[in-house]
Amino acid sequence: MTQMNYTGKSRVAIIANGKYQSKRIASKIFSALKHDPNFYLSKDNPDIVISIGGDGMLLSVFHMYEKALDKVRFVGIHTGHLGFYTDYRDFEVDEFLKNLRLDRGEKISYPLLRVTVTTADGRIVTARALNEASLRRIEKTMVADVAINGTQLERFRGDGITVSTPTGSTAYNKSIGGAVLHPTVEAFQMTEIASLNNRVYRTLGSSIIIPKGETVTIEPKRVGSYTVSIDNKSFSYRNVAKMEFFLDDKKISFLSTPSHIGFWERVKDAFIGEVDE
């Protein structure tokens with residue numbers, strides 16, 4: 001069997017969620033690119049990944065290709081409401097195809113979070129997060145020592161703690177009172193989830209912005225079952241010894257096109273809408 005040479009072509013993966021509209025858009029893009037001499041359609045080892053659906057779909061696609069971040073660039077087409085990771089709506093496919101054919105390899109890169117979970121029996125699990133990672137105790141109040149770069153900050157009591165990337169700052173982090181952080185900032189954010197603050201127990205209470213190069217360590221002080229959430233996936237562990245967070249040395253890269261939507265415009269559209277004159 002002769003191996004075909006696709007040198008010079010961009011390898012493109014088209015991945016859609018199960019909704020009818022997403023599948024329809026995927027079919028349209030596939031038909032437009034399958035005979036284009038500049039593209040080779042394949043989900044194996046792609047240069048460009050087209051995510052069709054919503055932000056949740058792009059999170060899933062990111063984790064599919066997170067081991068190829070040095071090569072792959074992502075682009076999202078939204079088939080619902082405007083999302084933070086999508087530059088195009090479902091009625092802008094023709095514009096997307098036009099810009100894709102004009103692509104010269106430009107990219108926009110955002111920081112990722114590196115997470116390490118150490119269980120009481122010595123097992124170590126590592127993962128990357130595009131949005132956020134959280135630790136919660138399932139049965140009762142979580143009690144945990146929180147340290148930054150080895151300096152103990154507080155003994156936390158409450159429902160849990162979430163740590164987010166700049167892009168993830170507009171997700172769950174914002175809903176529990178965290179700050180909105182521009183995605184080009186080399187930092188990450190820790191926010192408490194329903195902390196107990198009274199005459200006996202005190203925590204800082206506000207979200208904390210941590211710069212690149214520093215590490216947040218959470219050490220639970222009580223045995224029990226814990227839930228670790230990393231983006232759109234959750235895992236249960238018995239007796240977590242510690243959980244560490246720091247900025248990863250890899251970044252996620254998106255296609256830079258004329259239609260790339262600026263971050264503050266996304267924030268305005270998602271949370272504010274039209275501003276009264």
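Compute the normalised compactness of the chain: alpha-carbon radius of gyration over 2.2 N^0.38 Å, N being the residue count.
1.12
Using 0.36 nm per residue, how much length does the chain from Glu139 to Lys98 gain when fully extended, once their Cα-Cα distance is taken away?
Residue separation times 0.36 nm, minus the Cα-Cα distance, leaves 9.5 nm.
For each pair in Lys9/Lys250; Lys67/Lys140; Lys71/Lys98, compute the distance between the two Cα atoms and list the pairs where it is over 30 Å.
In this structure, Lys67/Lys140 exceed 30 Å between Cα atoms.
Using a Gaussian network model on the chain with a 10 Å cutoff between Cα atoms, which of Val185, Val61, Val146 fluctuates the most?
Looking only at Val185, Val61, Val146, the biggest GNM fluctuation is shown by Val185.
Using a Gaussian network model on the chain with a 10 Å cutoff between Cα atoms, which of Tyr172, Tyr110, Tyr201 fluctuates the most?
Of Tyr172, Tyr110, Tyr201, the Gaussian network model singles out Tyr201 as fluctuating most.
When Glu106, Glu192 are ordered from fewest to most other Cβ atoms inside 10 Å of their Cβ, what list results?
Going from sparsest to densest Cβ surroundings: Glu106, Glu192.
Which helices, taking whole DSSP H runs in the chain, have alpha carbons extending 18 angstrom or more along the helix axis plus mean Kyte-Doolittle at least -0.5?
20-33
Residue separation times 0.36 nm, minus the C-alpha to C-alpha distance between Ser234 and His260: what's the value?
6.3 nm
A short reminder: the numbers here are calculations on the coordinates, not readings from a lab. Just so it is clear, the model here is predicted, and its values are computed rather than measured. Note: ideal-geometry Cβ built from the backbone for every residue, glycine included; neighbour counts use all protein chains shown.
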